[in-house]
Amino acid sequence: NWFITNSIFQLINANIQTIVLIWFLGIGFFSLKFAGNYWYINRLKKQKTIPVPADLLQMGALISRKLNIQKKIRILESALIKVPMIIGYFKPVILLPVGLATSLPVEQVEAILAHELAHIRRNDYLINLLKSLIEVVFFYHPAIWWISSLMETEREHCCDDTAIMICGNEKSLQNALVNLQQFEQNAITLAPALVKNKYQLLNRIMRMKTTN
């Protein structure tokens, strides 16, 4: 073991300049990717957006009070996204795909809003920014990406649980997730998906059935 460990250290020392160069190149690449994604996401709330109906604003305000959210939250419809998303920490904006609110039953829209507002209540936007910065610095470490994936999964589970608590009916959220998947498949946009794949969707629905 000592011989192997010593050989590894000798190999690292012999190639330290190359290793440092690769590390800096990796940080540069992931930094540009992070900056590009951040710029693009923040542009979404300014381009091709329209106000939502008054009843949807009232629904959002009611859920915000239930979650004790003190921030002023804007809710807009966007023609550039497939699924609901949160943008911003100090002045958060909830973006809904154009046509989503009118194509789903009221209880499913309520479940979606409750889920998104739960993200705001948990400060997930800020946490996700910090997580992304850590991923930039430690891009080479598999454990970082594994932990990041676990955090994303648990984050969605926590927001699912909060939405169920607010709405009092897990069926509404389950049906909303299924309909979101279908809506996403029919839409042609550039935004990242809230439900990344069918396995993730099935896993979240099965979890709701077993825990509620």
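The values are calculated or read from the model by the stated rules, or taken from the named source; none is laboratory data. Computed from a predicted structure; not experimentally measured. Here the Cβ is made from the backbone with ideal geometry for all residues, glycine too, and neighbour counts use every protein chain on show. Side chains are part of the model used for accessible areas, which takes the heavy atoms of the whole protein and leaves out ligands, DNA and RNA. Shrake-Rupley method; radii C 1.70, N 1.55, O 1.52, S 1.80 Å.
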- Enumerate the pairs (first residue in segment 36-55 and within 9 Å of LEU76 (Cα to Cα); second residue anywhere and basic (Lys, Arg) and not in a helix (DSSP H, G or I)) with beta-carbon separation below 9 Å, excluding pairs fewer than 6 apart on the same chain, so at least 6 apart or on different chains. LYS45/ARG74; PRO51/ARG74
- Query: Can you name the number of the only condition in (1) in a strand (DSSP E or B); (2) surrounded by 15 or more Cβ atoms within 10 Å (Cβ to Cβ); (3) among the aliphatic types (A, V, I, L, M) that ILE50 fails?
  - Reply: (2)
- Query: How many of the residues making up segment 128-151 are touching a residue at least 12 places away in the same chain (Cβ under 8 Å), more than 18 Å from LEU32 (Cβ to Cβ) and open to solvent by 70 Å² or more (accessible area, probe 1.4 Å)?
  - Reply: 1
- Task: Go through segment 8-42 residue by residue and tally those that are among the β-branched types (Val, Ile, Thr) and closer than 26 Å to LYS82 by Cα.
- Result: 1
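If you check ALA187 against the conditions, is it in contact with a strand residue (DSSP E or B) (Cβ under 7 Å, 6 or more places away or on another chain), open to solvent by less than 50 Å² (accessible area, probe 1.4 Å) and at pLDDT below 90? Full working, then the answer.
On the way: in contact with a strand residue (DSSP E or B) (Cβ under 7 Å, 6 or more places away or on another chain): yes; open to solvent by less than 50 Å² (accessible area, probe 1.4 Å): yes; at pLDDT below 90: yes.
The answer is yes for ALA187.
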- Restricting attention to segment 5-39, which residues are open to solvent by 100 Å² or more (accessible area, probe 1.4 Å) and under 29 Å from the mean Cα position of the chain (by Cα)? PHE24, LEU25, PHE29, LEU32, LYS33, TYR38, TRP39
